[in-house]
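Q: Here it is, the structure in full.
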Amino acid sequence: MLQMPSVGLPYEVYATIQQEHRAELIGSDLTVKIGPDSAEWLATLEDWRAVRDGITGVEMEQWTQPWYQTIKDGSIAVFPSGTWFVEVIKQQAPDSVGAWYFTPFPAVEEGGDRYPNFGSATCFISSATDDPVAGMEWVKVWTMEPASTLEIGLNQLGISVISKAALESPIVNAPHEYFAEDQAYWFDATEAFALSTYVPPVTKYDAEAGDIFNRYTEQWWLGNITDQEFLQSVADELAALVAE
């Protein structure tokens, strides 16, 4: 996940549009993909601007006390977030049973992907562990055993299960008490992983590339540089980064 600049759109919105257009900074082959001639990036900027200019309501800063209050009183229309957000709802608004509904993001074109991929829960084994084999056995139990993945991970902690097999689970198929119309929330949230058709490439340059990208993105949102200047400047700095 990239850090987002302090202006513009919330990360979940702008990164979703970027993914749906398959707009990449650096490809899996380590070539620079962003640039002034990139159809994917030109379409992304167009949609970013259209969404931003089309907002008629009020945006709020996430993870602030006023924002938490809106979860309780229902005064925000939509929370673009991950499937884990249901746990925030349960903690912040335990009385809002039956008041919610999950829907995927709109596609940028008819029939397009509506499920961005921002990753999921990750297990790590420390390089300092005395018994990496035992550590790996724990990872296998946590990620593959139904008693761990479904009963503890999903049912108790709200961690989505990335498994088509989980779609057969009674826990996943049951209507969720916090969602309207008897929506089986965890079925829709779990199926989302299977319906996502694109995973952004991950490279060793991502952290530095993100810093470069954000610096120019902020200036673009502020209107200080044009589309072409933005795309060319990022491309130039990324090309120098990859060439080092």
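Q: With the condition kept exactly as written, say whether any residue in the range 121-137 is touching a residue at least 40 places away in the same chain (Cβ under 8 Å) and either surrounded by 15 or more Cβ atoms within 10 Å (Cβ to Cβ) or part of a helix (DSSP H, G or I) (or both).
A: no
Q: Which one of these is more than 30 Å from G74 (Cβ to Cβ) and within 20 Å of the chain's Cα centre (by Cα): T197, T190?
A: T197
Q: If you don't mind, there's one more thing I want to ask. Select, from E59, E12, the only residue that is modelled with pLDDT under 90, under 30 Å from R215 (Cβ atoms), of a type in the set (D, E, K, R) and not in a helix (DSSP H, G or I).
A: E59 is the lone residue from the list that is modelled with pLDDT under 90, under 30 Å from R215 (Cβ atoms), of a type in the set (D, E, K, R) and not in a helix (DSSP H, G or I).
Q: Hey, another quick one. Pull out all pairs, ordered by first then second residue, where Cβ-Cβ is under 6 Å, the residues are six or more apart or on different chains, the first lies in the range 208-221 and is in the same structural domain as L30 (by TED's automatic domain parsing), and the second is of a type in the set (G, A, S) and part of a helix (DSSP H, G or I).
A: Y216/S233
Q: If you take the residues of the range 146-195 that are in contact with a helix residue (DSSP H, G or I) (Cβ under 9 Å, 6 or more places away or on another chain), in contact (Cβ under 8 Å) with a residue 12 or more places away in the chain and exposed (fewer than 14 other Cβ atoms within 10 Å of the Cβ), which of them is nearest to K90 (Cα to Cα)?
A: L157
Q: Moving to a separate point now. Would you mind finding the one in E137, E145, E181, E177 that is farther than 30 Å from E24 by Cβ and modelled with pLDDT under 90? Even if it seems obvious, please write down each step before you answer.
A: Values: E137 fails: modelled with pLDDT under 90; E181 fails: modelled with pLDDT under 90; E177 fails: modelled with pLDDT under 90.
Sole residue among the options that is farther than 30 Å from E24 by Cβ and modelled with pLDDT under 90: E145.
Q: Which of the residues that make up the range 35-66 are polar (S, T, N, Q) and exposed (fewer than 15 other Cβ atoms within 10 Å of the Cβ)?
A: Within the range 35-66, T56, Q62, T64, Q65 meet the criteria.
Q: I've got another one for you. Considering the range 195-244 alone, what residues qualify as being over 28 Å from D53 (Cβ atoms), among the β-branched types (V, I, T) and part of a loop (DSSP other than H, G, I, E, B)?
A: T197, V199, V202, T203
Q: Further question on the same structure: Report, by residue number, each residue of the range 154-194 that is outside any helix (DSSP H, G or I) and of a type in the set (A, V, I, L, M, F, W, C).
A: Going residue by residue through the range 154-194, those that are outside any helix (DSSP H, G or I) are 155-163, 169, 174-179, 183-184.
Residues satisfying the conditions are L157, I159, V161, I162, A174, F179, A184.
Q: Now for a separate question. Can you tell me which condition Y68 does not meet? The list is (1) part of a helix (DSSP H, G or I); (2) touching a residue at least 40 places away in the same chain (Cβ under 8 Å); (3) touching a helix residue (DSSP H, G or I) at 6+ places or on another chain (Cβ under 7 Å); (4) of a type outside the set (S, T, N, Q), and all the others hold.
A: Y68 satisfies all of (1) part of a helix (DSSP H, G or I); (2) touching a residue at least 40 places away in the same chain (Cβ under 8 Å); (3) touching a helix residue (DSSP H, G or I) at 6+ places or on another chain (Cβ under 7 Å); (4) of a type outside the set (S, T, N, Q) except (2).
Q: Check whether at least one residue in the range 100-110 is part of a loop (DSSP other than H, G, I, E, B), touching a strand residue (DSSP E or B) at 6+ places or on another chain (Cβ under 9 Å) and under 27 Å from Y11 (Cβ atoms), and report yes or no.
A: yes
Q: Sticking with this one: Could you please find all residues in the range 111-120 being surrounded by 10 or more Cβ atoms within 10 Å (Cβ to Cβ), among the small types (G, A, S) and at pLDDT 90 or above?
A: Across the range 111-120, the qualifying residue is only G112.
Q: Can we say V86 is in the same structural domain as D206 (by TED's automatic domain parsing), assigned to a loop (DSSP other than H, G, I, E, B) and aliphatic (A, V, I, L, M)?
A: Here the answer is no, as V86 does not meet what is asked.
Q: So in the range 67-81, with the set limited to residues that are loosely packed, with under 10 Cβ neighbours inside 10 Å and not β-branched (V, I, T), which one is nearest to the chain's Cα centre (by Cα)?
A: This residue is A77.
The values are calculated or read from the model by the stated rules, or taken from the named source; none is laboratory data. Just so you know, these numbers come straight off a predicted model, no measurement behind them. Every residue, glycine as well, gets a Cβ built from its backbone with ideal geometry; the counts of neighbours run over all protein chains shown.
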